[in-house]
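Quick notes on the structure that follows.
The values are calculated or read from the model by the stated rules, or taken from the named source; none is laboratory data. What you see is a predicted model; the values in this text were computed from it and never measured. Positions of Cβ are generated from backbone atoms using ideal geometry, with glycine treated the same way; all protein chains shown enter the neighbour counts. Protein only, heavy atoms only, side chains kept; ligands, DNA and RNA dropped before computing areas. Shrake-Rupley method; radii C 1.70, N 1.55, O 1.52, S 1.80 Å.
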Amino acid sequence: MNPDLLPLALGINRVILYSGYVLLAGTFTFWSLVWPQGRKDRHLLILSIAGIALTTIATVAGPMIDIWIAGMTWAEVFSPISAAALFVRLAALAAAAFFLVDIVNYPIASWRRALPLTIVVAIAATMVASSNAVGGPWEVVKLVATMGHVIATAAWLGGLVALAAVLIPRQYLAELDKVIPRFSIIAATSVVVLLVTGTLHALAIAGGFQELVTSDYGIVFFIKVAIFGAMLLMGNHGRKYANGVALRAAAAARASKEAKINHDKLTKGGPGMHSLAVAMGAELAIAFGILLTTSLLVFVAPH
Amino acid sequence: MSRPQYSLPNLRRFLGACVVTAFLVTAVAAYYGTPEPLPASVDTTSDAAAATGGPADQAPATVTIEPEPTAAGVELPSEGPGVSEPGLLLIAAPLPDGTWDVSEQVMLAKPTTSLTLAPADISRAGSQFGFARPEATSVQVSVGEQPVVIPEARVIEQVSADIPSTTRFEISYRLDGATVTTVPSTARRGIGAIMPVTSGLDPDLPVVVMVVGETVLSLSCPELSLSERNCGTAAGDEAMILAEPLPFGAAVVAAQIDIPRL
């Protein structure tokens, strides 16, 4: 294999890992904190299974690329912490795969939230342990910031994907007036956490504000911030729209004696839902842009 | 009639518990079985194939992790390009902050009265350097015993200077922005792109690159054919040198290193 393709292979693998993590952790978080009743929704189940599969593939493929293609040894690829993190992540993924049926068979409330949330936190911790937050100055700040960042990403991006999976088929619009306010709280909290932890992490990695604004790492970081800002605007628009649609649907369904006919009109047709789908699609596309710039940040991070 | 204890869900849960436990036990074993990243020295008994940048079907770099690095044993070239015959000898040493301490000794076949320096296009060393903008600072140029002033003592764009007629000159500088970390990898593992800042020389002029330091792991020449890319060989216990000189037009070397600790 052409050695120049090695960074490309690792970059693609990293995007797969982030995507899988967002799908898996996002869906589990969505079930646990936003919509426990959606545990048997087919689309969410597919998202969680896809997340497990993608995360597993990327977790295994990363070291294989280094060992088989780059010719590195185990000791060169792993530190003790990152080696342990690899197997802890595989354990968490195995738990997710083998116990997914149990997770969705019972209401994900009260103590039953423990398993899915523990799996999310465990996978997030392994990603932090394998990141550049380990070692160097400001290690504690970097570790805490990265952990908060990774979990908030799952809650927000993953929740957004889950929300889109629920919204677009238009099967549960009547429940959206409950789901969207809950998700909005999670999303708003996540955005604040992402802003604070992202800034702290970038400053810690770059070594200060001056170093951040004058480095390639800083340039990519600010591109990511710009994309993040665009996503915030898009997300705000989309959620306002979703909220309005949900409220109108619920009100109409309650008020009309021909509830079914009106509900069908409101939920299965009309330009409103189309616009909403476009807005959420754009938001998700921007989210993918964030994942790409995040994987790029790893390459240009200063040592 | 009660359900049997060995029902399919129970079997799934049992298997799941076994697999999760096995991975957790392996995690503990991996933690204690994986060596801490330590400064590594190149095993001088091997050909030290490049670990990064080398083709997959070639032997990987043989790296001996030693708790206590051996004493310095660098053998600087006493002859060859840049020293006893026309060419350029570049000697680079990685520093703890990820920069490089570099010197270039140039010997030309014909006298010259001008000198051109330019930042190296290290994107030629690999796509991971696509965003890198190397900068040479603390630049000192000497022709014999006579110093040559370089504006601000830095090279961030092409710089030309008039020099006394000579066939020999020497440049030393600090190279910044030419190291990227390898991710995922052990802590402090990185790749440095080494190229001369001396510019405008004969593309066929032979160039020898030597990388000094106990944490140098391998040298790779990305502009050579696949079978020739593992281009480094040991020079003493704590240095690597090109096995064959490169032509100036293809003098690009990627050095895999563990960035030295303070």
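Taking the square roots of five times each eigenvalue of the Cα gyration tensor of the range A:67-165, the equivalent ellipsoid has semi-axes of 28, 18, 13 Å, listed largest first. Packing here is the average count of other Cβ atoms within 10 Å per residue, and on that basis the peptides A:144-154, A:55-65, B:25-35, highest first, run A:144-154, A:55-65, B:25-35. For peptide B:95-101, the mean count of partner chain Cβ atoms within 10 Å of a residue's Cβ comes to 1. Extension gain for B:Ser225-B:Ala109 works out to 39.0 nm (0.36 nm per residue, less the C-alpha to C-alpha distance). Per-residue mean of foreign Cβ neighbours for B:19-26 is 6 (Cβ atoms of other chains, 10 Å radius). Mean partner shielding of peptide B:120-131, defined as the number of other chain Cβ atoms within 10 Å of each residue Cβ, is 3. Take A:36-48, A:109-121, A:77-89 and order them by the average number of nearby Cβ atoms within 10 Å per residue, most first; the result is A:77-89, A:36-48, A:109-121.
Go ahead and run the numbers for FRET between B:Ser199 and B:Thr166, Cβ-Cβ distance against an R0 of 25 Å, rounding to 0.05. Computed FRET efficiency for B:Ser199 and B:Thr166 comes out at 0.90.
Altogether, the Stokes-Einstein calculation at 4 °C and 1.567 mPa s, with the Kirkwood radius of the range A:14-92 over Cα pairs as Rh, returns a diffusion coefficient of 94 µm²/s.
For the listed peptides B:83-91, B:220-228, B:247-255, a ranking on the average number of other beta carbons within 10 Å per residue, highest first, reads B:247-255, B:83-91, B:220-228. Couplings 3J(HN,Hα) for the range A:99-114, derived from phi with the Karplus relation 6.51 cos²θ - 1.76 cosθ + 1.60 (θ = phi - 60°), are 10, 4, 4, 5, 4, 8, 7, 10, x, 8, 9, 6, 5, 6, 6, 4 Hz, where x marks Gly and Pro.
Buried accessible surface for the B/A pair, both sides summed and rounded to the nearest 100, is 3700 Å² with a 1.4 Å probe.
Modelled spin labels at B:Phe14 and B:Glu75, positioned 7 Å past Cα toward Cβ, are 6.5 nm from each other.
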